Amino acid sequence: MRAFAQSIVETVRHPLLLLNSQLRVQSANAAFYRTFCIGKLETVSKLVFDLDRGEWDIPRLRTLLSEVITGGSFEDFEVKHDFPRLGRRVMLLNARGVHGDEDDTAMVLLAIEDVTDKVQAWDALYKLNRELEDRVRDRTHELESTNMELEAFCYSVSHDLRAPLRAIDGFSEELLKCYAERLDEKGRHYLRRVRAGTQRMGQLIDDLLDLSRISRGEMKREQVDLTDMAKAIAAELRQQTSDREVSFDIQPDLVGEGDPGLLKVALENLLGNAWKFTSKRPLVTIEFGQTQHDGKTAYFVRDNGAGFNPAFAGKLFGAFQRLHKEKDFPGTGIGLATVQRVIHRHGGHVWAEGAIEKGATFYFTLPERAHPSARK
(Lines give C-alpha, C1' and ligand atoms only; values in the text may rest on other atoms or scores of the structure.)
Protein backbone atom coordinates (compact mmCIF):
# COMPACT_ATOMS: atom_id res chain seq x y z
CA MET A 1 0.00 0.00 0.00
CA ARG A 2 2.88 2.34 0.89
CA ALA A 3 4.54 1.69 -2.48
CA PHE A 4 1.25 2.44 -4.21
CA ALA A 5 0.92 5.75 -2.33
CA GLN A 6 4.52 6.64 -3.12
CA SER A 7 3.95 6.04 -6.82
CA ILE A 8 1.01 8.44 -6.74
CA VAL A 9 3.11 11.08 -4.97
CA GLU A 10 5.85 10.76 -7.60
CA THR A 11 3.31 11.24 -10.37
CA VAL A 12 2.09 14.58 -9.00
CA ARG A 13 3.55 17.50 -10.98
CA HIS A 14 3.66 19.93 -8.05
CA PRO A 15 6.39 19.69 -5.37
CA LEU A 16 5.36 17.68 -2.29
CA LEU A 17 7.07 17.32 1.10
CA LEU A 18 6.21 14.85 3.82
CA LEU A 19 7.24 16.24 7.23
CA ASN A 20 7.41 14.39 10.55
CA SER A 21 6.08 15.75 13.82
CA GLN A 22 9.28 17.76 14.33
CA LEU A 23 8.73 19.28 10.84
CA ARG A 24 11.75 17.53 9.40
CA VAL A 25 11.55 16.27 5.84
CA GLN A 26 10.64 12.60 5.75
CA SER A 27 10.52 12.44 1.96
CA ALA A 28 10.05 14.60 -1.14
CA ASN A 29 8.82 13.82 -4.63
CA ALA A 30 10.74 14.27 -7.86
CA ALA A 31 8.89 17.48 -8.67
CA PHE A 32 10.31 19.11 -5.50
CA TYR A 33 13.90 18.28 -6.39
CA ARG A 34 13.37 19.36 -10.00
CA THR A 35 11.63 22.64 -9.17
CA PHE A 36 14.04 23.84 -6.49
CA CYS A 37 17.21 22.41 -8.06
CA ILE A 38 18.15 20.68 -4.80
CA GLY A 39 19.36 17.17 -4.02
CA LYS A 40 18.07 14.47 -1.71
CA LEU A 41 21.00 14.77 0.67
CA GLU A 42 20.25 18.47 1.13
CA THR A 43 16.60 17.73 1.84
CA VAL A 44 15.75 14.52 3.69
CA SER A 45 15.96 14.73 7.51
CA LYS A 46 16.46 18.49 7.33
CA LEU A 47 14.19 20.85 9.23
CA VAL A 48 11.93 22.42 6.64
CA PHE A 49 12.88 25.89 7.84
CA ASP A 50 16.57 25.15 7.18
CA LEU A 51 16.07 24.10 3.56
CA ASP A 52 17.88 26.08 0.89
CA ARG A 53 19.76 28.27 3.39
CA GLY A 54 16.70 29.05 5.45
CA GLU A 55 14.55 30.32 2.60
CA TRP A 56 11.46 28.72 4.17
CA ASP A 57 12.05 30.17 7.63
CA ILE A 58 8.93 32.34 7.59
CA PRO A 59 7.31 33.15 10.98
CA ARG A 60 3.76 32.77 9.72
CA LEU A 61 4.60 29.45 8.07
CA ARG A 62 6.06 28.19 11.37
CA THR A 63 2.76 28.95 13.08
CA LEU A 64 0.64 27.34 10.38
CA LEU A 65 2.68 24.12 10.25
CA SER A 66 2.56 23.83 14.05
CA GLU A 67 -1.22 24.06 13.88
CA VAL A 68 -1.31 21.31 11.25
CA ILE A 69 0.56 18.96 13.64
CA THR A 70 -2.23 19.41 16.17
CA GLY A 71 -4.96 18.61 13.65
CA GLY A 72 -5.31 21.77 11.59
CA SER A 73 -4.75 22.52 7.91
CA PHE A 74 -4.28 25.52 5.63
CA GLU A 75 -4.79 26.40 1.97
CA ASP A 76 -3.24 28.88 -0.47
CA PHE A 77 -0.67 30.43 1.87
CA GLU A 78 1.22 32.74 -0.47
CA VAL A 79 4.99 33.02 -0.34
CA LYS A 80 6.78 35.69 -2.39
CA HIS A 81 10.51 35.28 -2.22
CA ASP A 82 13.81 35.63 -4.07
CA PHE A 83 15.04 32.05 -4.18
CA PRO A 84 18.81 31.77 -4.78
CA ARG A 85 18.46 29.26 -7.61
CA LEU A 86 15.11 30.39 -9.04
CA GLY A 87 14.94 34.14 -8.64
CA ARG A 88 11.77 35.96 -7.64
CA ARG A 89 8.93 33.45 -7.39
CA VAL A 90 5.39 33.28 -6.02
CA MET A 91 4.40 30.00 -4.34
CA LEU A 92 1.08 28.79 -2.94
CA LEU A 93 1.39 26.36 -0.03
CA ASN A 94 -1.29 23.89 1.11
CA ALA A 95 -0.89 21.49 4.06
CA ARG A 96 -2.88 18.95 6.02
CA GLY A 97 -2.15 16.38 8.70
CA VAL A 98 -1.63 12.70 7.84
CA HIS A 99 -0.62 9.63 9.88
CA GLY A 100 2.17 7.15 9.35
CA ASP A 101 1.36 3.57 8.36
CA GLU A 102 3.31 1.82 11.14
CA ASP A 103 3.11 3.87 14.34
CA ASP A 104 0.26 6.25 13.41
CA THR A 105 2.44 9.26 14.22
CA ALA A 106 1.27 12.69 13.16
CA MET A 107 2.85 13.96 9.94
CA VAL A 108 2.35 16.87 7.56
CA LEU A 109 1.84 16.69 3.80
CA LEU A 110 2.96 20.01 2.32
CA ALA A 111 2.07 20.79 -1.30
CA ILE A 112 3.78 23.65 -3.13
CA GLU A 113 2.52 25.26 -6.34
CA ASP A 114 4.57 27.75 -8.34
CA VAL A 115 2.04 30.36 -9.51
CA THR A 116 4.56 32.96 -10.66
CA ASP A 117 3.48 32.78 -14.30
CA LYS A 118 -0.19 33.07 -13.35
CA VAL A 119 0.48 36.07 -11.11
CA GLN A 120 2.53 37.75 -13.81
CA ALA A 121 -0.24 37.08 -16.34
CA TRP A 122 -2.86 38.56 -13.99
CA ASP A 123 -0.62 41.56 -13.30
CA ALA A 124 -0.15 42.10 -17.03
CA LEU A 125 -3.91 41.75 -17.60
CA TYR A 126 -4.63 44.22 -14.80
CA LYS A 127 -2.12 46.67 -16.26
CA LEU A 128 -3.66 46.24 -19.71
CA ASN A 129 -7.15 46.83 -18.32
CA ARG A 130 -5.98 49.99 -16.58
CA GLU A 131 -4.39 51.20 -19.81
CA LEU A 132 -7.60 50.43 -21.71
CA GLU A 133 -9.67 52.24 -19.10
CA ASP A 134 -7.36 55.24 -19.40
CA ARG A 135 -7.66 55.15 -23.19
CA VAL A 136 -11.44 54.86 -23.03
CA ARG A 137 -11.58 57.76 -20.58
CA ASP A 138 -9.32 59.87 -22.83
CA ARG A 139 -11.29 58.89 -25.92
CA THR A 140 -14.57 59.70 -24.18
CA HIS A 141 -13.22 63.12 -23.28
CA GLU A 142 -12.17 63.65 -26.90
CA LEU A 143 -15.61 62.60 -28.14
CA GLU A 144 -17.30 64.92 -25.67
CA SER A 145 -15.11 67.77 -26.88
CA THR A 146 -15.85 66.85 -30.50
CA ASN A 147 -19.58 66.78 -29.79
CA MET A 148 -19.37 70.21 -28.21
CA GLU A 149 -17.55 71.49 -31.30
CA LEU A 150 -20.14 69.83 -33.53
CA GLU A 151 -22.97 71.43 -31.59
CA ALA A 152 -21.24 74.80 -31.94
CA PHE A 153 -20.85 74.18 -35.66
CA CYS A 154 -24.51 73.22 -36.01
CA TYR A 155 -25.51 76.38 -34.18
CA SER A 156 -23.33 78.38 -36.57
CA VAL A 157 -24.85 76.62 -39.57
CA SER A 158 -28.40 77.09 -38.37
CA HIS A 159 -27.95 80.80 -37.68
CA ASP A 160 -25.05 82.19 -39.71
CA LEU A 161 -25.87 80.40 -42.97
CA ARG A 162 -29.63 80.71 -42.82
CA ALA A 163 -29.56 84.50 -42.45
CA PRO A 164 -27.95 85.21 -45.85
CA LEU A 165 -30.14 82.56 -47.47
CA ARG A 166 -33.25 84.22 -46.08
CA ALA A 167 -31.97 87.56 -47.35
CA ILE A 168 -31.35 86.22 -50.86
CA ASP A 169 -34.76 84.55 -50.96
CA GLY A 170 -36.53 87.56 -49.50
CA PHE A 171 -34.98 90.14 -51.84
CA SER A 172 -35.58 87.87 -54.82
CA GLU A 173 -39.24 87.62 -53.85
CA GLU A 174 -39.45 91.43 -53.53
CA LEU A 175 -37.94 91.84 -56.97
CA LEU A 176 -40.54 89.49 -58.44
CA LYS A 177 -43.38 91.30 -56.65
CA CYS A 178 -42.35 94.93 -57.06
CA TYR A 179 -40.19 95.03 -60.16
CA ALA A 180 -41.62 92.23 -62.28
CA GLU A 181 -42.85 94.69 -64.96
CA ARG A 182 -39.30 95.97 -65.44
CA LEU A 183 -37.95 92.47 -66.08
CA ASP A 184 -38.44 90.35 -69.13
CA GLU A 185 -39.48 86.71 -68.84
CA LYS A 186 -35.87 85.52 -68.80
CA GLY A 187 -35.07 87.82 -65.86
CA ARG A 188 -38.10 86.60 -63.94
CA HIS A 189 -37.11 83.02 -64.72
CA TYR A 190 -33.63 83.62 -63.31
CA LEU A 191 -35.07 85.08 -60.11
CA ARG A 192 -37.38 82.10 -59.68
CA ARG A 193 -34.37 79.83 -60.07
CA VAL A 194 -32.47 81.84 -57.46
CA ARG A 195 -35.37 81.44 -55.04
CA ALA A 196 -35.66 77.71 -55.74
CA GLY A 197 -31.91 77.30 -55.18
CA THR A 198 -31.91 79.15 -51.86
CA GLN A 199 -34.95 77.22 -50.66
CA ARG A 200 -33.30 73.96 -51.61
CA MET A 201 -30.12 75.00 -49.80
CA GLY A 202 -32.21 75.82 -46.72
CA GLN A 203 -33.82 72.39 -46.88
CA LEU A 204 -30.40 70.74 -47.19
CA ILE A 205 -29.20 72.60 -44.11
CA ASP A 206 -32.31 71.51 -42.19
CA ASP A 207 -31.83 67.89 -43.24
CA LEU A 208 -28.12 67.90 -42.31
CA LEU A 209 -28.90 69.34 -38.90
CA ASP A 210 -31.58 66.70 -38.35
CA LEU A 211 -29.10 64.00 -39.38
CA SER A 212 -26.48 65.25 -36.93
CA ARG A 213 -29.01 65.46 -34.08
CA ILE A 214 -29.97 61.81 -34.60
CA SER A 215 -26.38 60.77 -33.88
CA ARG A 216 -25.97 62.97 -30.79
CA GLY A 217 -29.25 62.82 -28.92
CA GLU A 218 -29.75 60.59 -25.88
CA MET A 219 -31.71 57.41 -26.59
CA LYS A 220 -34.44 55.96 -24.45
CA ARG A 221 -35.83 52.47 -24.90
CA GLU A 222 -39.44 51.54 -24.43
CA GLN A 223 -42.05 49.39 -26.11
CA VAL A 224 -43.33 51.07 -29.26
CA ASP A 225 -46.54 50.24 -31.13
CA LEU A 226 -45.16 50.25 -34.67
CA THR A 227 -48.55 49.44 -36.19
CA ASP A 228 -50.21 52.51 -34.69
CA MET A 229 -47.19 54.62 -35.60
CA ALA A 230 -47.33 53.49 -39.25
CA LYS A 231 -51.09 54.13 -39.43
CA ALA A 232 -50.63 57.67 -38.11
CA ILE A 233 -47.90 58.39 -40.66
CA ALA A 234 -50.07 56.96 -43.46
CA ALA A 235 -52.93 59.25 -42.40
CA GLU A 236 -50.62 62.28 -42.52
CA LEU A 237 -49.45 61.34 -46.02
CA ARG A 238 -53.05 61.05 -47.21
CA GLN A 239 -53.85 64.51 -45.86
CA GLN A 240 -50.89 66.03 -47.69
CA THR A 241 -52.01 64.61 -51.04
CA SER A 242 -55.69 63.71 -50.93
CA ASP A 243 -56.17 63.11 -54.67
CA ARG A 244 -54.13 59.87 -54.84
CA GLU A 245 -55.45 56.32 -54.79
CA VAL A 246 -53.09 54.60 -52.34
CA SER A 247 -53.79 51.38 -50.48
CA PHE A 248 -51.88 50.91 -47.22
CA ASP A 249 -51.53 47.33 -46.00
CA ILE A 250 -50.22 47.62 -42.42
CA GLN A 251 -49.79 44.40 -40.48
CA PRO A 252 -51.57 44.53 -37.10
CA ASP A 253 -50.02 44.10 -33.67
CA LEU A 254 -46.44 44.98 -34.56
CA VAL A 255 -44.44 46.17 -31.57
CA GLY A 256 -40.77 46.82 -30.98
CA GLU A 257 -38.50 48.20 -28.33
CA GLY A 258 -36.58 51.37 -29.01
CA ASP A 259 -36.59 55.13 -28.95
CA PRO A 260 -40.09 56.23 -30.05
CA GLY A 261 -38.91 59.50 -31.57
CA LEU A 262 -36.10 57.92 -33.59
CA LEU A 263 -38.22 55.00 -34.78
CA LYS A 264 -40.86 57.47 -35.92
CA VAL A 265 -38.22 59.35 -37.92
CA ALA A 266 -37.17 56.08 -39.60
CA LEU A 267 -40.74 55.06 -40.45
CA GLU A 268 -41.61 58.57 -41.70
CA ASN A 269 -38.70 58.42 -44.12
CA LEU A 270 -39.40 54.87 -45.29
CA LEU A 271 -43.14 55.37 -45.78
CA GLY A 272 -42.55 58.85 -47.18
CA ASN A 273 -40.15 57.40 -49.73
CA ALA A 274 -42.68 54.74 -50.69
CA TRP A 275 -45.32 57.47 -51.11
CA LYS A 276 -43.00 59.59 -53.23
CA PHE A 277 -41.66 56.89 -55.52
CA THR A 278 -45.14 55.53 -56.28
CA SER A 279 -46.46 58.96 -57.30
CA LYS A 280 -46.45 58.03 -61.02
CA ARG A 281 -48.49 54.84 -60.50
CA PRO A 282 -52.29 54.90 -60.99
CA LEU A 283 -52.82 52.12 -58.44
CA VAL A 284 -50.51 52.08 -55.46
CA THR A 285 -49.99 49.57 -52.65
CA ILE A 286 -47.67 50.30 -49.74
CA GLU A 287 -47.08 47.55 -47.16
CA PHE A 288 -45.60 47.58 -43.68
CA GLY A 289 -45.04 44.27 -41.95
CA GLN A 290 -42.53 41.84 -40.53
CA THR A 291 -40.85 38.66 -41.71
CA GLN A 292 -38.01 36.35 -40.74
CA HIS A 293 -34.49 36.90 -42.05
CA ASP A 294 -31.66 34.56 -41.03
CA GLY A 295 -33.69 33.47 -38.02
CA LYS A 296 -34.33 37.03 -36.84
CA THR A 297 -37.34 39.30 -37.08
CA ALA A 298 -37.09 41.93 -39.81
CA TYR A 299 -39.57 44.74 -40.42
CA PHE A 300 -40.17 45.91 -43.99
CA VAL A 301 -41.76 48.65 -46.07
CA ARG A 302 -42.70 47.51 -49.57
CA ASP A 303 -44.11 49.47 -52.52
CA ASN A 304 -44.90 48.93 -56.21
CA GLY A 305 -43.26 52.15 -57.37
CA ALA A 306 -40.29 53.14 -59.49
CA GLY A 307 -37.86 50.74 -57.78
CA PHE A 308 -34.13 51.03 -58.40
CA ASN A 309 -31.23 49.35 -60.13
CA PRO A 310 -30.07 46.63 -57.68
CA ALA A 311 -26.49 47.12 -58.86
CA PHE A 312 -26.50 50.44 -56.97
CA ALA A 313 -28.23 49.21 -53.81
CA GLY A 314 -25.09 49.92 -51.79
CA LYS A 315 -25.34 53.64 -52.55
CA LEU A 316 -28.91 54.05 -51.33
CA PHE A 317 -28.03 54.81 -47.72
CA GLY A 318 -25.29 57.37 -48.35
CA ALA A 319 -25.98 61.05 -47.71
CA PHE A 320 -26.92 62.95 -50.90
CA GLN A 321 -26.95 59.72 -52.91
CA ARG A 322 -29.77 59.72 -55.45
CA LEU A 323 -30.63 57.07 -58.04
CA HIS A 324 -33.38 59.14 -59.68
CA LYS A 325 -33.44 62.58 -61.24
CA GLU A 326 -34.50 65.56 -59.15
CA LYS A 327 -37.18 66.55 -61.66
CA ASP A 328 -38.80 63.11 -61.43
CA PHE A 329 -38.68 62.67 -57.65
CA PRO A 330 -37.60 65.75 -55.67
CA GLY A 331 -35.64 65.44 -52.46
CA THR A 332 -32.27 66.07 -50.82
CA GLY A 333 -31.00 62.47 -50.63
CA ILE A 334 -30.78 62.52 -46.82
CA GLY A 335 -33.81 60.37 -45.95
CA LEU A 336 -32.31 56.89 -46.25
CA ALA A 337 -29.05 58.01 -44.64
CA THR A 338 -31.19 59.12 -41.71
CA VAL A 339 -32.95 55.73 -41.60
CA GLN A 340 -29.64 53.91 -41.54
CA ARG A 341 -28.30 56.08 -38.74
CA VAL A 342 -31.42 55.51 -36.63
CA ILE A 343 -31.32 51.74 -37.08
CA HIS A 344 -27.57 51.56 -36.43
CA ARG A 345 -28.02 53.51 -33.21
CA HIS A 346 -30.44 50.81 -32.12
CA GLY A 347 -27.87 48.14 -33.00
CA GLY A 348 -29.82 46.85 -36.01
CA HIS A 349 -29.26 46.53 -39.75
CA VAL A 350 -31.00 48.00 -42.80
CA TRP A 351 -30.93 46.90 -46.43
CA ALA A 352 -33.00 47.12 -49.59
CA GLU A 353 -34.18 44.95 -52.47
CA GLY A 354 -35.73 46.16 -55.69
CA ALA A 355 -35.73 46.35 -59.46
CA ILE A 356 -36.33 49.15 -61.94
CA GLU A 357 -40.09 49.81 -62.32
CA LYS A 358 -40.86 46.80 -60.12
CA GLY A 359 -41.00 48.45 -56.74
CA ALA A 360 -38.72 48.29 -53.72
CA THR A 361 -38.63 46.71 -50.29
CA PHE A 362 -36.68 48.21 -47.41
CA TYR A 363 -35.90 45.97 -44.42
CA PHE A 364 -34.60 46.80 -40.99
CA THR A 365 -33.86 44.78 -37.87
CA LEU A 366 -33.47 45.65 -34.23
CA PRO A 367 -31.41 43.79 -31.64
CA GLU A 368 -32.93 40.65 -30.15
CA ARG A 369 -33.93 42.36 -26.92
CA ALA A 370 -35.66 44.99 -29.03
CA HIS A 371 -37.57 42.33 -30.93
CA PRO A 372 -40.58 41.27 -28.93
CA SER A 373 -42.98 39.03 -30.77
CA ALA A 374 -46.24 40.33 -32.08
CA ARG A 375 -48.74 41.05 -29.29
CA LYS A 376 -51.02 38.20 -28.28
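The values are calculated or read from the model by the stated rules, or taken from the named source; none is laboratory data. Keep in mind that this is a model prediction, so the values were computed, not measured. Note: ideal-geometry Cβ built from the backbone for every residue, glycine included; neighbour counts use all protein chains shown. Quick note on the areas: whole protein, heavy atoms, side chains included, nothing else; ligands and nucleic acids left out. Shrake-Rupley method; radii C 1.70, N 1.55, O 1.52, S 1.80 Å.
Look at the Cα gyration tensor of the range 157-298: its axes a ≥ b ≥ c give a/c of at least 1.5 with a/b at or below b/c, and that counts as oblate. Using a probe of 1.4 Å, the accessible surface attributed to ARG89 totals some 60 Å² when neighbouring protein chains are kept in position. Relative to the longest principal axis of the Cα atoms of the chain, helix 226-240 runs at roughly 20 degrees.
Once C-alpha pairs closer than 8 Å and six or more residues apart are averaged by separation and normalised to the residue number of the chain, the relative contact order reads 10 percent. Cross-link pairs exceeding 19 Å in C-alpha to C-alpha distance, out of LYS276/LYS358; LYS296/LYS358; LYS220/LYS264; LYS276/LYS296; LYS280/LYS358; LYS46/LYS80, comprise LYS296/LYS358; LYS276/LYS296; LYS46/LYS80.
Once the 1.4 Å probe is applied to the protein heavy atoms, the range 4-87 comes out at 58 Å² accessible per residue. Can you tell me the 0 to 90 degree angle between the C-alpha axis of helix 335-345 and the longest principal axis of the chain, rounded to 10? The helix 335-345 is inclined about 20 degrees to the chain. What shape does the range 13-56 have by the C-alpha gyration tensor, where a ≥ b ≥ c are the square roots of the eigenvalues, rounded means a/c under 1.5, and otherwise prolate means a/b greater than b/c and oblate the rest? Oblate, because a/c is 1.5 or more while a/b does not exceed b/c.
Dividing the summed -39500 (n - 2.57) terms of all DSSP H runs of n ≥ 4 by the residue count of the chain sets its mean residue ellipticity at 222 nm at -14500 deg cm²/dmol.
Rolling a 1.4 Å probe over the protein heavy atoms leaves ASP184 with an accessible area of roughly 100 Å².
Shown for the chain: the carbon plus sulfur share of the solvent-accessible area, taken with all protein chains present and a 1.4 angstrom probe, equals 52%. Normalised by the number of residues in the range 16-139, the average gap of Cα pairs under 8 Å and 6 or more apart makes the relative contact order 22 percent. Of the residues PHE248, PHE74, the one with the largest accessible area comes first in the ranking PHE248, PHE74, computed with a 1.4 Å probe on protein heavy atoms. Put ARG345, ARG244, ARG13 in order of accessible area, highest first, and with a 1.4 Å probe you get ARG13, ARG345, ARG244.
Sorted from greatest to least, the principal axis extents spanned by the alpha carbons of the chain come out as 125, 49, 35 Å. Restricting the GluC sites (Glu not before Pro) of the range 203-253 to loop positions (DSSP other than H, G, I, E, B) with no more than 10 neighbouring Cβ atoms within 10 Å leaves GLU218, GLU245.
Heavy atoms of the protein chains alone define the surface here; on that basis the range 150-296 has 60 Å² accessible area per residue at 1.4 Å probe size. Computed from Cα atoms, the angle from the helix 162-178 axis to the main principal axis of the chain rounds to 10 degrees. Each of MET107, MET91 has its accessible area taken with a 1.4 Å probe; listed largest first, they run MET107, MET91. For the range 25-141, the spread of Cα positions along the three principal axes, ordered from largest to smallest, is 72, 30, 24 Å.
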